[in-house]
Amino acid sequence: MKATIRSLAIFLAIAGASAESNGCARRPVASRGAAAPTTTTAGIGGRDAWSSLTWDERHDEMTWLIHPQMSRLFQRFEKTPYPELTCRTCHGSDAEKVQYKMPNGLPPLDPVHMPDANDGPDAEVAKFMFEEVTPTMANLLGVTVGDPRSGRGFGCFSCHPTGP
């Protein structure tokens, strides 16, 4: 039994360490045979690589790929010794109750007064979200980054609710 647990731990460590180097971490959904996202992909709520997955497949993607990647991203930004991101960080304290639907749990953003990545009290966080979080998350989900003109694709309001 101890040998099985040790073998599993070694396997998981190797699999996690090699995910970035073998390209799996960049396009997890496309690696399952789904079409790679393009600029014509509908984005969240449309026909794309993420929305075509079953609940179990989404759970696996979140658990084994997206959460670890995003945890490391936030760990570097927050300069913490260990990742502090949990499922509830993004999905809210009632994540199970709402079946992990988004947006839920994050602070609302006012579309009329969006944080400025170049100036203001939230500039550093806004820049991190615009330049790192949004494109990384879109890539991991296999969807396109949002286009503010068309309102299509993955953007701020894919995770944050709209509010004042």
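The values are calculated or read from the model by the stated rules, or taken from the named source; none is laboratory data. From a predicted model like this one, the values you see are computed outputs, not experimental measurements. Quick reminder, even Gly has a Cβ in these numbers, built from the backbone with ideal geometry, and neighbours come from all protein chains shown.
Which members of the stretch 61-101 meet the condition of being under 22 Å from residue 144 (Cβ atoms) and surrounded by fewer than 17 Cβ atoms within 10 Å (Cβ to Cβ)?
If the condition is that a residue be under 22 Å from residue 144 (Cβ atoms) and surrounded by fewer than 17 Cβ atoms within 10 Å (Cβ to Cβ), then 101 is the only one that fits.
Tell me, yes or no, whether the stretch 131-142 has at least one residue that is among the β-branched types (Val, Ile, Thr) and more than 12 Å from the chain's Cα centre (by Cα). Step through it out loud before you land on a result.
Residues of the stretch 131-142 among the β-branched types (Val, Ile, Thr): 133-134, 136.
Those still in the list that are more than 12 Å from the chain's Cα centre (by Cα) too: none.
Looking through the stretch 131-142, none of the residues is among the β-branched types (Val, Ile, Thr) and more than 12 Å from the chain's Cα centre (by Cα).
Where in the stretch 22-97 are there helices (runs of 4 or more DSSP H), lying fully within it, with 2 or more residues that are of a type outside the set (Gly, Ala, Ser) and either modelled with pLDDT under 50 or closer than 19 Å to residue 156 by Cα (or both)?
Details: elements: 55-61, 67-78, 87-91.
It comes to 67-78, 87-91.
Does the stretch 115-143 hold any residues that are free of Cβ contacts under 8 Å to residues at least 40 places away in the same chain, of a type in the set (S, T, N, Q) and in contact with a strand residue (DSSP E or B) (Cβ under 9 Å, 6 or more places away or on another chain), and which are they?
Matches in the stretch 115-143: 134 only.
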